[in-house]
Amino acid sequence: MDTYYNYSHVSQQGLPDFCFLEKVDEVEVLNNLQLRFQKEHIYTYIGDQVVSVNPFQKKPGIYSAETLKSYQNMYIYEVSPHIYALAQDTYKKLLLSKESQCVIISGESGSGKTEASKIFLEYISKVSTISSGGQTNTRPEIIMKHIIESNIVLEAFGNAKTLKNDNSSRFGKFIELEFDGAGVPISGKIQQFLLEKSRVHTRAIGERSFHIFYQFLTCKKITQKYGMSEDPAQYRYLKESLCYTAGPNINDQRDFKLVEQALESLKWTEENLDSLWRMLSAILLIGNIEFQADAEKVNVDAVQIQNPEVLKKVASLLHCNSLVLEKALISRSLTTGAGKRQSSIKVLLNPTQARETRDSFAKVLYDRLFSFVVEKINETIGNGIDQKQIESIIGILDIYGFEVYDQNNSFEQFIINYANEKLQQLFINLVLRQEQEEYIKEGIEWKNIDNYFDNQPIIDLIEGQPVGLLRLLDEACIVGQSGTPENLIQKFNQFFSKHKHYESYESTNNLAIDATSFMLKHYAGSVTYNLNEFIHKNKDPLYQDLINTLESSSDRLLLKIFQKDFQKNQVKKIPTTAGFQFKLAINALVGRLNACQPHYIRCIKSNDEKKAGYFDYERVKHQIRYLNTVETVRVRKAGFANKQHYSRFFNRYKLLSPATFPTWTLSAREGVMEIVKHCKIEQPNQPQECHFGKKKLFIKSAKTLFKFEELRAVELPRVVVTIQKVWRGYAQRKWFKQELTRLREEKEEIQRQMHRKKCALIIADAYIRYKVRVYIKKIQPWLTGPYYNKGRPLPTLWTNRTPFDDQMQIYHIQWWAKVKVTPLSIEQRALIRQKILALDLFGMGYFRKKEWDCKRKFQADYLSDDSNPKKQQFSDAVQLLFQKYGDKEILFADNVIKINKRGKSQLRTIIITDQHIYKYDPKKYTQKKTGLKVHSIVALSTSNKRDTFLAIHFKPPVRDLFIDLGCDSVEKVSEVSTNLVQQVYKLTSATIPLLFREPLTFNNSRDSRNSGIDFVISFSQYPKGKEQRLSSFVKGKGNTAIVYYPEKD
C-alpha cells in the first residue's frame, strides 16, 4: 500500500518502520512509538519484525475480514505494519523455500503475546485453507479449526489473572502447524512448558487461580451432579487470594460454554469429560481438607483429619478408598536399608508437613490433568499423519514473558526469566549477528555494532557446567546435601559472589536483599529471588503413599495420567528435578527453533494499570531497553534504512527511467543501477546513498526511499494513462478481431443449421406423409360398418401413444355416435337420451349403483298393450283424464304396489303424465284422489339392492309416494326415475337427486294438519326356503318395515 512509503502521511502518523529513523536512539524510538500509539497505530516494523503495543482495548476494523483479505499475497514492505503482514510473509517463505518457519512472540506478562499468537494463527488458518481449494469442511480447514479451538481449552486450563494481566499465560506453548509440499496444513502438535502448578494452592492477593476453576463452577448442571457449591468463596484454594473475577473482558460463564463447545468439537468422550469435571471438583475439595492435632498421640506431633466428610467426598470423586487416602495425607512411608535389610517405616506428619502433602497432591493432580488435556488435543490435531508426509512446519512460540514482582519472586519467576534469557540469546544469535553477517556476504562495507547487550554470561551463570545455579539447586535437593535455603545461598555465594550479574547480601551488603535471597541482573533488569521455596518446588515431590492411593483408583483417566509414576514406583531411581526437566525442554526448544527460519513479534505493554489508550513513557522505555529494540534497529538499519532484492525494486520502480520502461532486456541489477542513475540520487560531495550488494540494493536513508516513492507517485499517472491507452487500443483491436471471427463463425453455423433444418423438414414431411398413409390403412376396420370394430382401441400413429392418438379415439367415438344416431327418428333419439340419463343415474359396470337392465326398451305405456284385457277401459279413462286436466302426454303407465299410510300394500295403476302422477283402481280404472303435481317432486330414493321399490318425495304437506315397480317381475325403477328426473328438469330447470340409501325413509302420512311420521325401511334378502321372484313389503313394529328382495339369478 502506498501509504507505507508516503512521507507526508507518515510524518503525521509516525514512521511505520523504525529503520526509517534518521537518528537511531532511545528517544527517537520512543517518540515514534508514542506518536503511532496516539494515532491508534499499534503495530510498527523493524525491518521484517513487528513491534506490537498492547492498547488494552479493541480496535474496530483492524482485524476485520476485509483487512485480512487486503494482506493476502502482499509483500511485507507493501502493506502497513500488522501481524497479518508478518503472517503472510511467514507463509509465503514457507511456500517458496520449503523451509520450516517459526514465530517467536516475546514480551513481558500482559504485553499481548497470547492475543498476538491467536491473530497470527487466525491469518494462517485463512490463507492456508484458501490454498487448499477454499472449500468448506475440508480436512485442512477442520485441522486449523481444531487448533484454534484448542487455544480456547488451553487458555481455560493454563491462563489466570495476575496483578499485571487479566489473562496471563501461566505456561509456555509451542504450536507446530505441519504442512505438506503444497503448503496445505495436514496436522499439528502442541508442546507445553512449565505449568505454574503452585498457582493451584497459592498466589498473591488480588490474583486468581486458573480460569477453569471459576468457569466450571458457573455450570449448575456440573456442580449439582458432583455436589459442588457454585460460590468460589467456599473453597480455600480460591478464597485465599480474595479475588474471584478477572476483569471486564473475561466472562466465566460465557467462556465455559466456549470451552464445552471446543471439547465437543475436539471429540472428547462423555467418560473423559466426566473424569475431567470430577478431578477438578476433587482438587478444589482437597484444599478444604483441614488437619488438627491427634489427641490420642500425646508424645508425637501427629495430626488427624478435622473434616472427614470432605475427605470422603474427595475419595468418592477420585474413585479411591477414603481410609487409604487419609493415611497417605497424615503419614509417610520411608524405606531404609537395601536388599534383604530393606525395611519400610511409617512416619507420622506434623501439621505443616500434612498441609504440604495435601497441596502437593492437589497441584500434581492438576499438572497431570493439564498434560492429559494437551495430549488429547495432540491426538485430535495430529490427524494420524505419517511423519513422512510433513514437508515443513510453522512454529508459534507463546511463552510467558519476563516476570518480576515487587516481593517474593520465587522458583517460577526464576525459571520463567531463565527461559526468556534463552530466547533473548536466540534472538541475538539469529537476528543481530546474522544481520551483520548478511552485509558481509553481500559485500557491503560497514562498521560492526558490538555494543548490544549480550546475555550469554547470565545463561552460563544459570545453567553453566560444571557449576551453575541450577546444578547447585539440584544438589541441594538430594538427601544429605545442603537442603536448606541458608545452606543453598552459601553455596551460591561461594561460587558466584564475584560474578558481575549476581548479587547477595553477603557479597554486596545490600540491605535490600534478604539473607536467603539473591539478585540476578537479567537483560530485562535486576530481579531479587527468595530461596525459601526453591528447594521444595524444584523437588516437585509426589510421595509414594499418594501414588499407591491413586493406583488403587477405579477411574481409568486417573490411572492413565499417573501410569508413568506407577512404573517408576517399581524401579527406584533418583527423581529428576523440575529445574533439570525444564532445562532439557528449553534447550530442545531452542534447538528446534534454530532449525527454523525465525520471525519475531515484540510485544510491549503500554502501561501497568491496564488503562485503555494510555502510553506510560517510562514503562515502555524500560521494555524497549530489555527487548534490545534500539540495537535491533541499528543492526537492521546498519547505515541502511531499507534493503530490497533487485528484482522487487526493479519491478516497482522501473517506470522511473525511459531506458527501463516499458522493456528492459538486461539483468535486474543493471536495471536498478540505471534507475538510480536516472533519478540522480547520488550527489557530489555527499555520502553514497545506494549501495549495490550481490543480490540486494541497500538504501542508506529513509528520505531516499521516500524520494523514489515521490518520483513514482508523480510518474505513475502518466504511465497509467499510457498503459490504459495502449491497453484499450489493444483490447479493442483484439475484441474486433475476435468479434469478427465470431460473427463469421456464427453466420456459417446459422447457415449450416438452416440447411440441416431444411433437409430435416423435407425428410420429416415425407416420413409423416408415409406414416399417415399407413395409419389410414390401419384404421379402415374402424370406419367400416356395421360394427366399426366396436370396443377395440384405435391403432396408434407412432410406436408410443401420443395425445394425437387420444384425440383420434375421441373423434372416432363422436363420429361413430353420429353415424349411429343420424338414421334414428325423433322418438328413437328421445329414447336414446333417456337411456343415457339412466346410465348417468344408475351407472354401469364397476360404477353400477343399482341393478338395472340397460338393454330393456322403455315402453312408457304398458297398459295400452293388447295383453291388457281392460285396454279399452284404460283408454277411455285416459281420454277423460286428458279432457278434464289438460295433460298432453303419458310418460309412464303400469300397475304397481302402493304402500299406504298404515303400511298396507295396495295394487294401483299409476299414470305419470307431463304434469301429474295419477293413481287409479285397476279394476274399474276409477281415479283415486287428485293427481300429484310432478313439479312438486323434490327427490327420489331407492336402495342399492335388487328390490324394485321407489320412494317419490314431494314438498310438504304433500305425502311421499312409496311404490313397487316390479309387479310383472320386470325392473322399471330405472325407467320411472329417468322420466321423473327428465320431466322435473323440463318443468323447473332443476335437477332432483336420486338417492341410494339404506335404510330408506319416506313420509306418506302427513297432511296440512299434521306432519305425520317417517317410515324407516330396511332391505334384506329372502330367508332361505322362503325365496320369491318379486320384492315384498313387510311392516314391522311402529314405523319400521322390511323389504325383501330375491337373490341374484
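Just so it is clear, none of the values below were taken in a lab; they were calculated from the coordinates. Note that the structure is a prediction, hence the values are computed from the model and not measured. Note: ideal-geometry Cβ built from the backbone for every residue, glycine included; neighbour counts use all protein chains shown.
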* To do: Calculate how steeply helix 26-38 sits against the longest principal axis of the alpha-carbon atoms of the chain, using the helix alpha-carbon long axis, and give the answer as 0 to 90 degrees to the nearest 10.
  => 20
* Structure fact -> Most exposed first, judged by fewest Cβ atoms within 10 angstrom, 798, 268 run 798, 268
* To do: Report, to the nearest 10°, how far helix 83-97 tilts away from the longest principal axis of the Cα atoms in the chain, using its own Cα long axis and a range of 0 to 90°.
  => 90
* Which distance in nm do the two modelled labels at residue 667 and residue 885 give, with both placed 7 Å along the Cα-to-Cβ direction? -> 13.2
* Based on other C-beta atoms within 10 Å, arrange 540, 805 from fewest to most. => 805, 540
* Asked: Over all Cα pairs of region 832-1045, how is the pair count split among 10 Å bins, expressed in % and running from 0 up to the last occupied bin?
  -> 8, 34, 39, 18, 2, 0
* Using the per-residue mean of other Cβ atoms lying within 10 Å as a proxy for protection, in what order, highest first, do the peptides 508-516, 737-745, 584-592 fall? -> 584-592, 508-516, 737-745
* To do: Collect residues whose amide H, placed 1.01 Å from N in the peptide plane, falls under 5 Å from the amide H of residue 522; neighbours closer than 5 in sequence don't count.
  => 527
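Between residue 857 and residue 616, what is 0.36 nm times their sequence separation minus the Cα-Cα distance? Round to one decimal in nm.
Once the chain is fully extended between residue 857 and residue 616, it gains 74.9 nm.
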* Structure fact -> Whole-Hz Karplus couplings 3J(HN,Hα) for region 919-934, θ = phi - 60° and coefficients 6.51, -1.76, 1.60, Gly and Pro as x, run 10, 10, 7, x, 7, 10, 6, 9, 6, 9, 6, 7, x, 8, 6, 5
* Orphan Cys of the chain, criterion: no other Cys C-beta under 4.7 Å -> 19, 219, 243, 320, 477, 603, 679, 690, 759, 854, 967
* Structure fact -> At 4 °C and 1.567 mPa s, the Stokes-Einstein diffusion coefficient in µm²/s for the chain, with hydrodynamic radius from the Kirkwood sum on alpha carbon pairs, is 32
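Explain nothing, just the number: relative contact order of the chain, from Cα pairs under 8 Å at least 6 residues apart, as a whole percent. Please list the in-between numbers first.
Values: 1593 pairs, mean separation 106.2, N = 1049.
Taking the mean separation of contacting Cα pairs over the length of the chain, I get 10 percent.
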* Which whole-Hz couplings ³J(HN,Hα) result when phi for each residue of region 299-312 is put into the Karplus expression 6.51 cos²θ - 1.76 cosθ + 1.60, θ = phi - 60°, listed in order with x for Gly and Pro? -> 8, 10, 7, 10, 10, 9, 6, 7, 10, x, 5, 5, 4, 5
* What's the angle, to the nearest 10 degrees (0 to 90), between helix 139-158's Cα axis and the longest principal axis of the chain? -> 60
* If R0 is 35 Å, what FRET efficiency do you get for residue 743 and residue 694 from their C-beta distance, rounded to 0.05? -> 0.05
* Asked: Listing 637, 986, 583, 835 from the residue with the fewest other Cβ atoms within 10 Å to the one with the most, what is the order?
  -> 986, 835, 583, 637
* Asked: Residue by residue, what Karplus-based ³J(HN,Hα) values in Hz, rounded to whole numbers, does region 775-785 have, using 6.51, -1.76 and 1.60 with θ = phi - 60° and x for Gly and Pro?
  -> 5, 4, 5, 5, 8, 4, x, 7, 10, 10, x
* To do: Which order do the peptides 789-796, 761-768, 422-429 take when ranked by the mean count of other beta-carbon atoms within 10 Å per residue, highest first?
  => 422-429, 789-796, 761-768
* To do: Rank-order 75-86, 603-614, 960-971 by packing density, defined as the average count of other C-beta atoms within 10 Å over each peptide's residues, highest first.
  => 75-86, 960-971, 603-614
* To do: Can you tell me the FRET efficiency between residue 760 and residue 938 if r is taken as the Cβ-Cβ distance and R0 is 56 Å, rounded to the nearest 0.05?
  => 0.30
* Structure fact -> Plugging the Cβ-Cβ distance of residue 307 and residue 350 into 1/(1 + (r/R0)^6) at R0 = 22 Å yields, to the nearest 0.05, a FRET efficiency of 0.75
* **Mean ellipticity per residue at 222 nm, deg cm²/dmol - from DSSP H runs of n ≥ 4 across the chain, formula -39500 (n - 2.57)** => -14000 deg cm²/dmol
* Hey, rough spin-label estimate for residue 251 and residue 460, points 7 angstrom out along Cα→Cβ, what's it come to in nanometres? -> 5.5
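Provide the gained length on full extension for the span residue 512 to residue 584, in nm with one decimal, where the gain is 0.36 nm per separating residue minus the Cα-Cα distance.
22.6 nm
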* Pull out the extension gain between residue 500 and residue 1037, defined as 0.36 nm times the separation in residues minus the alpha carbon to alpha carbon distance; nm, one decimal. => 180.1 nm
* To do: Return the long-range amide H neighbours of residue 995 (sequence gap of 5 or more, or a different chain), with a cut-off of under 5 Å between placed amide H atoms.
  => 940, 941, 942
* Pop a pseudo-label 7 angstrom from the Cα along the beta-carbon direction at both residue 1024 and residue 236 and give the gap in nm to one decimal. => 9.9
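Evaluate the Kirkwood expression for the hydrodynamic radius of region 191-255, namely the inverse of the mean inverse distance over all pairs of different C-alpha atoms, and round to one decimal in Å.
12.7
What fraction, in whole percent, of alpha-carbon pairs in region 737-816 exceed 15 Å separation?
So the pairs more than 15 Å apart make up 70 percent of the total in region 737-816.
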* Would you please give the residues with an amide H less than 5 Å from that of residue 596, counting only those at least 5 places away or on a separate chain, with H modeled from the backbone geometry? => none
